[in-house]
1. For LYS27, go through the aspartates and glutamates and keep the ones whose alpha-carbon is under 18 Å away, minus same-chain ones fewer than eight residues off.
2. Report the relative contact order of region 125-254, percent, no decimals, based on alpha-carbon pairs under 8 angstrom and at least 6 residues apart.
3. Looking at this model, which pairs from LYS287/LYS327; LYS3/LYS47; LYS117/LYS229; LYS23/LYS327; LYS3/LYS23; LYS29/LYS287 are more than 19 angstrom apart at the alpha-carbon?
4. I need the peptides 298-306, 192-200 ranked by packing, meaning the mean over residues of other C-beta atoms within 10 angstrom, with the highest value on top.
5. Considering all projection directions equally, how large on average is the shadow of the alpha-carbon convex hull of region 184-343, in square nanometres?
6. Can you pull the three principal axis extents for the Cα set of region 125-254, in Å, largest first?
7. In the chain, if the dipole is taken from +1 on Lys/Arg beta carbons and -1 on Asp/Glu beta carbons about the Cα centre, which of GLY14, ALA74, SER118 is farthest to the positive end?
8. Under a Cβ-only charge scheme (Lys and Arg +1, Asp and Glu -1), can you give me the dipole magnitude of the chain about the Cα centre, in debye to the nearest 20?
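Bear in mind that the values in this text are calculations on the coordinates, not laboratory data. Small disclaimer: the values here were computed from a predicted structure and weren't measured. Neighbour counts run over all protein chains shown; Cβ positions are idealised from the backbone, glycine included.
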Amino acid sequence: MNKRIALIPGDGIGIEVTAEAVKLLQKLKASRSLPLEWRTFDWGAEKYLREGISLPEGAIEMLRREFDAILIGAVGDPRISSLKYAVDILLGIRSGLDLYVNQRPVKLLSRKLCPLKSRTEQDINFVIFRENTEGLYAGMGGNFKRDTPEEIAVQEDVNTRKGVERILVYAFEYARSGGLTRVCMSDKSNAMPQGHGLWQRTFADVCKRYPDIEPRHLYVDTLAMEMVKNPAQFQVIATCNLFGDILSDLAAQLQGGLGLAPSANIHPGAVSMFEPVHGSAPDLAGKDLANPLAAMLAAGMMLDHLGFPQVAAEIESAVSRAIDEDKTTPDLGGTMGTREVGDWICGTLE
Ligand code: ATP
């Protein structure tokens, strides 16, 4: 049985980097006999401008029924001031498929890319698990007296026992199954005692089920500081939607920038979605300047998830080689274009 992949290139550089990821899948399918098939969906700004459709009706059910994984580039277009269509697509899929785990591996592949003094590949190798369906991104709230000097804006921070528990359990299970020994939970329960008090109490309960794992708690401001001061202390970090979003971008810089940061949106045992952390970067779109490596690493995470961990490891070593040999785009100090880097990775995997 082929593994079925839904491809959503999206907008801007999303389209360019997804093309390189597909080139990679084509190469691996042919050279490693991987049982893969894919279908491309044109969801994004062009379709929205043309037809007024962001996420087509029935899309979620179709993805759930017909696919094993989704690979998405990025959505967002400066021609459309409201972000609603992009939110409909990205958050629509995340919440529609209940992809409650956002997994962000933070791995320094080459010390020459690290902005921190004297840090090596051994020092930066951890994973952030961001709760992906609740928190301040749940979309609850409202505006009162909108566009008047008296306007009041309320954005609710939604934390459910079920939602908090399942992301923490996922982080602990990940640690245990990977032979790791430490999980750090980060919140701001000192300033947000109701919502993040629930994180504290749930963490205390979940910890008891994993006596083999050393639990640790850090307020998010301390965690941000520690992540820069001594990233080697971290193995697994679990946190809420907002903090995970911010920490992921901070962590991306430790590993060489957004052009190298992949992520996964997972519902265990069900169709899951893989994507580079970066957005559509309109400033780079159409210039053959976007770094395709994050998208290619995201394709690697997808193949790992689909049961081909060896192939995922091969992709990661090809990316390491590209960095070592300066076969990179300008964001990593190289002089190559998006397509040239994609070709180089595919050639290396030949
Ligand atoms: P979003 O709000 O969806 O995160 P954005 O357009 O605000 O999107 P990004 O697209 O994530 O932000 O990118 C921020 C900047 O980082 C870009 O303007 C670009 O200069 C740089 N960047 C992002 N991705 C890449 C990439 N793949 N290769 C090179 N530079 C990148």
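1. GLU16, GLU37, ASP304, GLU314, GLU316, GLU340, ASP343, GLU350
2. Computed value for region 125-254: 37 percent relative contact order.
3. Working: LYS287/LYS327 17 Å; LYS3/LYS47 27 Å; LYS117/LYS229 10 Å; LYS23/LYS327 17 Å; LYS3/LYS23 17 Å; LYS29/LYS287 28 Å.
Correct reply: LYS3/LYS47; LYS29/LYS287.
4. Descending mean neighbour count gives 298-306, 192-200.
5. Values: hull surface 47.0 nm².
The directionally averaged projection comes out at 11.7 nm².
6. 55, 32, 23
7. SER118
8. Numbers: 38 positive and 46 negative charges, 148 e Å.
Approximately 720 debye in magnitude.
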